[in-house]
Amino acid sequence: AQSVAQPEDQVNVAEGNPLTVKCTYSVSGNPYLFWYVQYPNRGLQFLLKYITGDNLVKGSYGFEAEFNKSQTSFHLKKPSALVSDSALYFCAVSPTSGTYKYIFGTGTRLKVLA
Amino acid sequence: EAQVTQNPRYLITVTGKKLTVTCSQNMNHEYMSWYRQDPGLGLRQIYYSMNVEVTDKGDVPEGYKVSRKEKRNFPLILESPSPNQTSLYFCASSSDTNTGELFFGEGSRLTVL
C-alpha cells in the first residue's frame with residue numbers, strides 16, 4: 001500500500017538552531033512531494049514542493065527540503081528556527097500516475113523554544 | 001483575494017440529521033477535494049472531483065456524498081451523520097491534479113452527538 005511516514009510526532013528545537021522534520025514515502029514511480037504547514041485553527045498552507053530537477057527545494061518562510069530518491073525521503077529543513085515556526089507540519093505525496101489522490105503523513109508538531 | 005470558503009466553520013448536530021458543508025473557491029480550479037483530519041491519523045481524503053460532474057471516492061468515502069454541479073462549488077453531504085463522523089473537515093482546490101499545490105479552506109469542525 002502507498003504511504004507517507006512522518007516518524008516523529010513532535011520535534012522540539014531551540015530558537016536559532018537548525019531544524020529538520022522528517023518524511024519518508026512508499027509510493028510507486030516518481031511521485032510529486034509537498035510540505036504544508038498548519039497553524040492553530042487554520043487550514044493548511046503550502047510551503048514547498050518537489051516535482052523534478054534540483055534535489056534541494058526552497059520554499060516559503062525560509063524553509064527548504066531535500067529530496068533523496070534512494071532513501072525515498074523528503075525532509076523539511078530550516079537553518080535557523082523561529083518561535084513563530086511552531087506549528088503542525090504535513091508531508092504529502094501525489095502519485096504521478098493511476099490516481100489523483102494526495103496521500104498525507106500524520107503530521108509532526110514543531111515546537112520552537114525561546 | 002484567492003480563497004477557499006467553507007461553511008459552517010463550527011457545527012454541533014445529532015445523529016441522523018442530514019447536513020451539508022459548503023465549499024466554494026474563486027480561483028477557477030478544476031480539482032477539488034474533501035479531507036477529514038483526526039488526531040494521530042493526519043488528513044484522509046473523502047472524495048475528490050476532477051471537474052464539473054466528475055467525482056470519485058477517496059480513502060474514506062463511507063457515509064458521505066458530494067456533488068459538483070458548478071466549477072466553483074463542491075459541497076459535502078452527510079445524509080445520516082453518526083458520532084464517528086465527528087471530525088475537522090477541510091476542502092481544498094488545485095489548478096493541477098498532480099503537480100499543483102492545494103489551497104485549503106479554514107476548516108469545518110463538526111460534532112455529531
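Taken together, the values in this text are just the output of simple stated rules run on the coordinates, not laboratory data. Just so we're clear, the structure is a prediction, and the values are computed from it rather than from any experiment. Here the Cβ positions follow ideal geometry from the backbone for every residue, glycine too, while neighbour counts run over all protein chains shown.
Do any residues in the range B:89-112 that are at the interface with chain A (Cβ under 7 Å from one of its Cβ atoms) have Cβ atoms under 8 Å from those of residues that are of a type in the set (Lys, Arg), where the two are at least six apart or on different chains, and which pairs are they?
Taking only residues 6 or more apart or on different chains, the pairs are B:Phe90/B:Arg36; B:Thr99/A:Lys49; B:Glu101/A:Lys49; B:Glu106/A:Arg42; B:Glu106/B:Arg9; B:Gly107/A:Arg42; B:Gly107/B:Arg9.
Just checking: which of the strands (runs of 3 or more DSSP E) contained wholly in the range A:60-114 hold 3 or more residues that are more than 14 Å from chain B (Cβ to nearest Cβ), among the aliphatic types (A, V, I, L, M) and in contact (Cβ under 8 Å) with a residue 24 or more places away in the chain?
Numbers: elements: A:64-68, A:73-78, A:87-94, A:108-113.
Answer list for the range A:60-114: A:108-113.
Please count how many residues of the range A:12-29 are out of contact with any Ser or Thr (no Cβ under 6 Å at 6 or more places or on another chain), surrounded by 14 or more Cβ atoms within 10 Å (Cβ to Cβ) and farther than 13 Å from A:Ser86 by Cα.
3
Would you mention how many residues in the range A:32-46 are within 16 Å of the chain's Cα centre (by Cα) and more than 9 Å from every other protein chain (Cβ to nearest Cβ)?
4
Output the residue which, of all residues in the range A:20-31 that are within 12 Å of the chain's Cα centre (by Cα) and in a strand (DSSP E or B), is farthest from the other protein chains (Cβ to nearest Cβ).
Taking the range A:20-31 first, the residues within 12 Å of the chain's Cα centre (by Cα) are A:20-25.
Going one step further and asking which of them are in a strand (DSSP E or B), we end up with A:20-21, A:24-25.
Details: A:Thr20: 19, A:Val21: 14, A:Thr24: 14, A:Tyr25: 13 Å.
The extreme case among them is A:Thr20.
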